[in-house]
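Take a look at the structure set out below.
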Amino acid sequence: MAHLLEVKDLEVNFALRWGDLTAIDGVSFTLDKGEKLGLVGESGAGKSVTGFSIINLISKPGYISGGSIVFEGKDLSRLRREEMRRIRGDRISMIFQDPMMTLNPVFTIGTQMAETVLAHRNVSKHDALDLALDKLEKVYIPSPEKRLTQYPHEMSGGMRQRIVVAIALLTDPALIIADEPTTALDVTIQAGIMDLLQELCDAENMGLILITHDLAVVSQVTEKIAVMYAGRIIEMGPTEEIVNRPRHPYTRGLIDSLPWGRKAADRLTQIPGMMPTLTDIPPGCAFHPRCTVREAHCLEKRPDLQPDRARDHVVACHNLGMLT
Amino acid sequence: MEENTPLLTIENLVKHFDISGGLLDQISFEGRRFVRKRTVVKAVNNVSFEIQPGETLSVVGESGCGKSTLARTVLGLYPPNEGKVLYQGARIDDLSPQEMLPFRAKMQMIFQDPYASLNPRMTVARILEEPVVFHRKVRTAAEVRDKVAQVMEQVGVDPKWSDRYPHEFSGGQRQRISIARALTVDPDFIVADEPVSALDVSIQAQILNLMMDAQEEFGLTYMFITHDLSVVEHISTRVAVMYLGTVCELAPVDELFDSPRHPYTKALLSAIPRLGETKPKHIKLKGEVVTPINLPSGCVFHRRCHFADDRCSREIPLLRRLDSGAHVACHGVEEGRIS
């Protein structure tokens, strides 16, 4: 069966005065219908740029400089702007981090929701509002009729993010890309939004790409995790594999540095140093300056993703033999 | 100092903010009359606790629960409306700025955003010299330089970089500089307001380790404000859970995480995402988030609580000590309705 989304050797460059800067360097992954993938990494790893490039929202000076993004049989990276516009917000929806930035403060929720429907469907405004009402009920908004006439500032942060989710659902998309959807929210509200996303994806058989820095959050929602570092995927596999049997030294470091469940007497395991900036990505394996198991060849040759143990679990590391 | 004197005591602290604006904003027309209404944010309501020397007391809660206001009121950055703040038994909330000075050197603060809390137009050296010179900790210029180099080394920032500006550093390094600034005046007590919330996980671990090392080395006492419960479990001695300006549970860290008593604490703990738990069973709170402008009568949590009864909506529960050593403010726990 063909995949819903197949990203192959994606490369995103930023054209700067002194030359091109590579932000995404050969990222490949697939997503099936109804599958949930977590893109994890620290700031600057390239996870958001990857998400944005799928719907071609990379703004200048950035551009897709190589690879393909095949979605429902079409290569999105080659589409003209008008064709892309028809897919974006219709077949693929995006949810951003800050609901206050996503919603327009001067229009009512009803107006904003109807606008999205009317942009993609040939229906009357009345029908569009009916659809909006239906979706607000799906995301468990209390008294949805009243909400349609309200403005974003009249609602709490969690409520606003539910409305953003409802807007994303309006066109029954096949894929939702959520970029840190709960980072700005409190834990009790985050738990509710994550439950909701999971439930909706399962019920409607939607694909989900969840972009976040929080490994614990993705581990609860997704079936598959891709860990990114300095513009590349360095480990990818089923969630259960990545969480319980991480192979790449960076993934291990990330999991070990979580303070969860440790007593105050223990020191946290820390990864020395920090993520390199795009201007000086180290040669060879980009992680080698921070790695505890590096060898001479790590500085020379960049490791490619290679299968490891379990099916579908791939790791980009030369020294897998040394890691038990 | 006498044994058992708490380093810091706060008694019945209340901090309200009047946000009603000018007279014209306050007046509205209701029932054929003009009425004047004030809008007050009741950020902190009747909070009392003690912090013992050498311990880390964490204050946790969701946004808007008053934890940052509490921190700032404790340090005297906001004057309290009611209640007292005592430092080693001496009252400090009613002192003049002059009288407050010696206490300011003993109490320092680390802020959340290292991008906003360091002056972008000062070099690191000047940022770090300022408190040393201001509090007259050392006399000569050479001593000031030595002190700055010493604290920079302590926090793991190379003293060679002291001529650089904050924008030349990464977030983690900036937070190290913030910590260095707090350490320059040899404080006893540090209030850290979300010190690692803006940082990536691997950097967060570095900063938490640094803070714990500094605590051990200098015998520091921390009041740690955060919403991140996984950090709290790691770093604290005791934890105070706040909801809408009141402390609903205060307990030693193990006690709180092993057997939370207050229904809000239980819901909060159940909502933390844990690595590798595929189907978390978190407790869903009912109702909507309440703002601190219109505080509910009785227990502030009663509208969201599954166990609330008539008494909860009338009577404000007080923080009571249980046999386990935990303090809980809940009628249900007191009556034995909630296990």
What do you reckon, is B:Gly22 closer than 30 Å to B:Phe134 by Cα and surrounded by fewer than 18 Cβ atoms within 10 Å (Cβ to Cβ)?
no
Being under 20 Å from A:Leu39 (Cα atoms), surrounded by fewer than 18 Cβ atoms within 10 Å (Cβ to Cβ) and of a type outside the set (Gly, Ala, Ser) is the filter here; which residues of segment A:57-69 pass it?
A:Leu57
Could you name every one of the helices (runs of 4 or more DSSP H) located completely within segment B:21-113 that has at least 1 residues being over 13 Å from the mean Cα position of the chain (by Cα), within 24 Å of B:Ser236 (Cα to Cα) and not polar (S, T, N, Q)?
B:97-106
I need a count of the residues in segment A:108-154 that are within 14 Å of another protein chain (Cβ to nearest Cβ), part of a loop (DSSP other than H, G, I, E, B) and touching a residue at least 40 places away in the same chain (Cβ under 8 Å).
2
Determine whether A:Pro99 is surrounded by fewer than 14 Cβ atoms within 10 Å (Cβ to Cβ) and touching a residue at least 24 places away in the same chain (Cβ under 8 Å).
no
Residues of segment B:133-157 satisfying the condition of being among the β-branched types (Val, Ile, Thr) and surrounded by fewer than 21 Cβ atoms within 10 Å (Cβ to Cβ)
B:Val133, B:Val138, B:Thr140, B:Val144
Read through the list (1) more than 30 Å from B:Gly22 (Cα to Cα); (2) surrounded by fewer than 18 Cβ atoms within 10 Å (Cβ to Cβ); (3) in contact with a His (Cβ under 8 Å, 6 or more places away or on another chain), then give the number of the only condition that B:Ser63 fails.
(1)
Restricting the search to segment A:205-224, which residues are among the polar types (S, T, N, Q) and in contact with a strand residue (DSSP E or B) (Cβ under 9 Å, 6 or more places away or on another chain)?
A:Thr212, A:Ser219, A:Thr222
Note on segment A:86-115: residues of a type in the set (Gly, Ala, Ser), touching a helix residue (DSSP H, G or I) at 6+ places or on another chain (Cβ under 6 Å) and within 28 Å of A:Asp32 (Cα to Cα) are A:Ser93
Pick from A:Glu199, A:Glu295: which is among the acidic types (Asp, Glu), within 18 Å of A:Pro181 (Cβ to Cβ) and free of Cβ contacts under 8 Å to residues at least 40 places away in the same chain?
A:Glu199
Go through the residues of segment B:305-327 one by one and say whether even a single one is within 10 Å of another protein chain (Cβ to nearest Cβ) and under 20 Å from A:Gly158 (Cα atoms).
no
Pull up segment A:18-51, narrow it to residues that are among the basic types (Lys, Arg) and under 13 Å from A:Ile176 (Cα atoms), then point me to the one that is surrounded by the most Cβ atoms within 10 Å (Cβ to Cβ).
A:Lys36
Out of A:Arg267, A:Arg309, report the one residue that is in contact with an Asp or Glu (Cβ under 9 Å, 6 or more places away or on another chain), within 14 Å of another protein chain (Cβ to nearest Cβ), not aromatic (Phe, Trp, Tyr) and not in a helix (DSSP H, G or I).
A:Arg267
Out of (1) surrounded by 13 or more Cβ atoms within 10 Å (Cβ to Cβ); (2) out of contact with any Phe, Trp or Tyr (no Cβ under 7 Å at 6 or more places or on another chain), the one A:Arg80 does not meet is (1)
Residues that are within 11 Å of chain B (Cβ to nearest Cβ), at least 1 per element: which strands (runs of 3 or more DSSP E) completely within segment A:168-258 meet that?
A:207-212, A:224-229
Within segment A:138-154, residues being under 15 Å from A:Gln112 (Cα atoms) and not acidic (Asp, Glu) number 9
For A:Pro276: the one exception among (1) crowded, with 18+ Cβ neighbours inside 10 Å; (2) touching a residue at least 24 places away in the same chain (Cβ under 8 Å); (3) under 22 Å from B:Gly171 (Cβ atoms)
(1)
Of the residues in segment B:146-181, those that are in contact (Cβ under 8 Å) with a residue 60 or more places away in the chain and among the aliphatic types (A, V, I, L, M) come to B:Ile177, B:Ile179
Somewhere in segment B:134-145, is a residue more than 14 Å from every other protein chain (Cβ to nearest Cβ), polar (S, T, N, Q) and without any contact (Cβ under 8 Å) to a residue 40 or more places away in the chain?
yes
Need the failing condition index for B:Leu220 against (1) crowded, with 24+ Cβ neighbours inside 10 Å; (2) of a type outside the set (D, E, K, R); (3) modelled with pLDDT of 90 or more, just the number.
(1)
Could you please find all residues in segment B:1-20 being outside any strand (DSSP E or B) and at pLDDT 90 or above?
B:Pro6, B:Leu7
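The values are calculated or read from the model by the stated rules, or taken from the named source; none is laboratory data. Values in this document were obtained by computation on a predicted structure and should not be read as measured data. When we count neighbours, we look across all protein chains shown, and the Cβ atoms used for this are built from the backbone with ideal geometry, even at glycine.
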